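So the structure is just underneath, and the comments pick up after that.
Taken together, the values in this text are just the output of simple stated rules run on the coordinates, not laboratory data. Please read these numbers as outputs of a predicted model, since none were measured by experiment. Note that each Cβ is placed from the backbone with ideal geometry, even for glycine, and that neighbours are counted across all protein chains shown.
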Amino acid sequence: MKKINKAFSLVELLVAMAIIAVLISIAAYGIQIVQRNARNTKRRKVVEDLQLLAADVQTNTFMYPSGLRKSGNNLEFTDSGGSVVGTYPVQGFTNVGSVLSSCSNLGGGTGGGGGEENTVTVCFEPTNLRLGVVLEGTNNGYVTSL
């Protein structure tokens, strides 16, 4: 009588493991894209909140802020004399990157231009009344007018 083997061969097990590895790597890449998009949405929200704060400053002082600077994990609008006229506490990011004086060359790259995933880097042009933020993983940023 011939003996029937009911086990999988080594080749069949290796093929199954390779298929599982490919599926896991595709899923991990998809998760990274979703996480990056969520961080970019939070960066856009920072700009929208700064727009509201600038409008509030304009309503209270009858002029738009003339500067934007970082102070710890806060962004502060200043007047022409350098006095703070509005403060925005940046939430959801571990640190605030630099405040750029020009929004014309917003380049993305990894980490929102700051080299880290949890960095937000903004720009402010008081003469053109434009605010922007560097987006992660893109070659452009998000710029809007006040």
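Side notes on the structure shown:
- Taking the convex hull of Cα positions in the chain, its mean projected area over all directions (nm²): 11.7 nm²
- Burial ordering of 29, 88, fewest other beta-carbon atoms within 10 Å first: 29, 88
- Extension gain (nm, one decimal) between residue 71 and residue 128, 0.36 nm per residue minus Cα-Cα: 18.2 nm
- Helix axis angle, 10-61 relative to the chain longest principal axis, alpha carbon, degrees: 10 degrees
- Per-residue HN-Hα couplings for region 68-73 [Karplus 6.51, -1.76, 1.60; θ = phi - 60°; Hz; x = Gly/Pro]: 9, 9, 9, 9, x, 9
- Less than 5 angstrom separates the built amide H of residue 75 from those of 88, 90, all sequence-distant by 5 or more or on a different chain.
- Only Cα pairs under 8 Å and 6+ residues apart enter the sum, and on that basis the relative contact order of region 42-145 stands at 22 percent.
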